[in-house]
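**Q** What follows is a structure written as structure tokens; I'll ask about it next.
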Amino acid sequence: MKKICVVGTGYVGLVTAAGLADFGNSVIGVDIDKEKIRILQEGGIPIYEPGLLEVVERNVKAGRLTFTTDIDSAIQNSRVVFSAVGTPPGEGGEADLRAVWIVAATFAKNLNDYKVFINKSTVPVGTGKKTRELILKESGGSETFDVVSNPEFLREGSAVGDFLNPDRVVVGSRSKKAQTIMKDVYHALITRGVPYVETNIESAEIIKYASNAFLAVKITFINEIANLCDIVGGDVNEVAKAMGMDGRISPKFLHAGPGFGGSCFPKDTMALVEIFKENGIKSRVVEAAIEANELQKQGVVSKLKSVMPELKGKTVAILGLAFKPNTDDTRFSPTKVVIPLLEKEGAELQVYDPVAMQDFKRDFPHLNYKNNAYEAIDGADALILMTEWNEFRSLDLKRVRSLLKSPVFIDTRNIYDPRDMKEKGFIFVCTGRTRCAL
Ligand code: UDX
């Protein structure tokens, strides 16, 4: 197997390093963050990702996975170098690639033998070409390397499973030598019959953005259908179920909610719009989805005000801060739009999330954080369920009813049944099935 270096130990880099080691490769995980590397070297992991600790421990123990801050020696000792550094949105929404350029320049300076540089991070179309030009320049014109695009399709909260059992592996490069090496890296998946797509770099870069943007548009579409259902009395769950019976649509990603968040969909849709603009064309569909998604997040406050018009001085309990369950990530979480709007209306907040409160405190240190759902609900005039954590799926509704000063329950994730909630005496609003109780 190949000696592999993975630069960046965030949820993409660490999952990739552990996963590649699990395929039998010898992998060195690198990060500039000494604290992250210290945690990893002491047997911990610096991020919350279900199942990741076990895979890291298994491979560290087997001697296939090590961690270091010494990027130069890690690259010098590797044939394959994955760049899995952050590419966050810049000022105008375009991807900020500074970290990628630093890794590429460091790669160029350590070209002691033929090596493959792999962009694992989500990067705009054309980055592969620019990476090649940068390495050529920084290495004094050395040709002993190839650049490959190998986008990730990991979902936070299920990233380990998504890496070890992917729907497909996409590898973009026209170099036969690089493609042969990549097939060796992913040999364990190929022998299991996992679909393996070899294409050119630009197509591989587009596949990533197109896939994420399509999913974001799909979610936004069902959210708009939910808004229609709430007006005309439809049930969006039943609409989605029947839609999904069409094999061309599929039932996946048709769950209406408060809008998509996370570290990918918001970033990748904005970046894709910028890529269209830079190439002189518009992406009306994706632009519209971005706008509709922001309105969907703001619409959560309108749902509350539809049953409680005056929020000044009212106490509102928020259940869930993460952008989705099974992650501590709150990047672009809908709660980051909803909470400031509620505060602007003069509401007092009591918030709880099983895992993400630490992360949320970075941007919202002043909130009243509670230790569990019932403490957050206690004494509130209304409750808004924002993230469908499992523990919120089986609340003791009698206890909730007794703890609330008024029985207002906004269920943005359609966890509870409108009829049942009405029978239990709640003033209940959800997303696309509110009038089903009437
Ligand atoms: C996404 C893509 O799924 C993944 O392939 C890519 O590599 C990274 O971005 P992630 O952002 O981790 O993964 O989470 P995902 O499970 O896709 O959910 C994204 C957002 O969409 C969340 O806010 C979620 O609540 C929302 N969502 C998802 C819905 O509102 N409805 C759905 O039906 C599905």
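**Q** Over the stretch 300-350, what portion of Cα pair distances is larger than 17 Å, expressed as a whole percent?
**A** 35 percent
**Q** Under 8 Å for C-alpha pairs, at least 6 residues apart: give me the relative contact order for the chain, rounded to a whole percent.
**A** Once normalised by length, the contact order is 12 percent.
**Q** Once amide H atoms are built 1.01 Å from N in the peptide plane, which residues 5 or more positions from S26, or in another chain, come under 5 Å H to H?
**A** When sequence neighbours closer than 5 places are left aside, the close amide H contacts are K2, I4.
**Q** Which of H187, H366, H255 moves the most in a Gaussian network model of the chain with Cα springs under 10 Å?
**A** In this elastic network of the chain, the residue with the biggest mean-square fluctuation among H187, H366, H255 is H366.
**Q** Rounded to whole Hz and in sequence order, give me ³J(HN,Hα) for the stretch 301-317 from the Karplus expression 6.51 cos²θ - 1.76 cosθ + 1.60, θ = phi - 60°, writing x for Gly and Pro.
**A** These are the phi-based 3J(HN,Hα) values: 5, 5, 4, 5, 5, 5, 10, 9, x, 9, 9, 4, x, 7, 9, 10, 8 Hz.
**Q** Mind ordering 54-66, 242-254, 313-325 by average Cβ neighbours within 10 Å, highest first? Walk me through the intermediate numbers first.
**A** Values: 54-66: 17.2, 242-254: 12.2, 313-325: 24.5.
Sorting 54-66, 242-254, 313-325 by mean packing, highest first, produces 313-325, 54-66, 242-254.
**Q** Report, in deg cm²/dmol and to the nearest 500, the calculated mean residue ellipticity at 222 nm for the chain, where each DSSP H run with n ≥ 4 adds -39500 (n - 2.57) and the sum is divided by the residue count. If you can, show how the numbers build up before the last one.
**A** On the way: 18 runs with 192 residues, N = 438.
Calculated at 222 nm, the ellipticity per residue is -13000 deg cm²/dmol.
**Q** Now for a separate question. Please figure out what share of the DSSP beta bridges in the chain is antiparallel and state it in percent, rounded to the nearest 5.
**A** Looking only at bridges with both residues in the chain, the antiparallel portion is about 5 percent.
**Q** Quick one: what are the phi-derived ³J(HN,Hα) couplings along the stretch 29-35, Karplus 6.51/-1.76/1.60 with θ = phi - 60°, whole Hz, x for glycine and proline?
**A** So the Karplus estimates, Gly and Pro as x, are x, 10, 8, 7, 7, 4, 5 Hz.
**Q** Still on this structure, I have one more. Output the peptides 190-197, 269-276 sorted from most to least packed, where packing is the average of other Cβ atoms within 10 Å over each peptide's residues.
**A** Values: 190-197: 11.9, 269-276: 21.9.
Packing order, densest peptide first, comes out as 269-276, 190-197.
**Q** Can you say what percent of the DSSP beta bridges in the stretch 3-199, counting only those with both residues inside, are antiparallel? Round to 5.
**A** 5 percent
**Q** Per residue of the stretch 151-165, what does 6.51 cos²θ - 1.76 cosθ + 1.60 with θ = phi - 60° give for ³J(HN,Hα)? Whole Hz please, x for Gly and Pro, Karplus curve as stated.
**A** The phi angles translate into x, 9, 10, 8, 9, 4, x, 9, 4, 5, x, 5, 7, 6, 9 Hz.
**Q** Which far-off residues, 5 or more places away or on another chain, put their amide H under 5 Å from the one on V169, with H placed in the peptide plane?
**A** Result for V169 returns Y196, V197.
**Q** If you project the alpha carbons of the stretch 13-68 onto the principal axes, what extent comes out on each, in Å, largest first?
**A** Here the Cα extents, ordered largest to smallest, are 27, 22, 18 Å.
**Q** Taking all pairs of different Cα atoms in the stretch 37-134, averaging 1/r and flipping that mean, what Kirkwood radius in angstroms comes out?
**A** After inverting the mean inverse Cα-Cα distance, the result is 15.3 Å.
**Q** Amide H neighbours of F67 under 5 Å, counting only residues 5+ apart in sequence or on other chains, H built in-plane at 1.01 Å?
**A** Under 5 Å from the amide H of F67 lie the amide H atoms of G29, each far enough along the sequence or on another chain.
**Q** How large is the direction-averaged shadow of the alpha-carbon convex hull of the chain, in nm²?
**A** In nm², the orientation-averaged hull projection of the chain is 21.9.
**Q** Can you pull the semi-axes for the stretch 212-437, root of five times each eigenvalue of the Cα gyration tensor, sorted largest first, whole Å?
**A** 29, 22, 15
**Q** Taking N as the number of residues in the stretch 293-397, what value does Rg over Cα atoms divided by 2.2 N^0.38 Å take?
**A** It is 0.98.
**Q** Sticking with this structure for a sec: What is the Rg over Rh value, at two decimals, for the stretch 3-199, using alpha-carbon atoms and the Kirkwood definition of Rh?
**A** My calculation puts Rg/Rh at 0.94.
Read the figures in this text as sums done on the coordinates, not as results from a lab. The structure displayed is predicted, hence computed values, not measured ones. We place every Cβ from the backbone using ideal geometry, glycine too, and count neighbours over all the protein chains shown.
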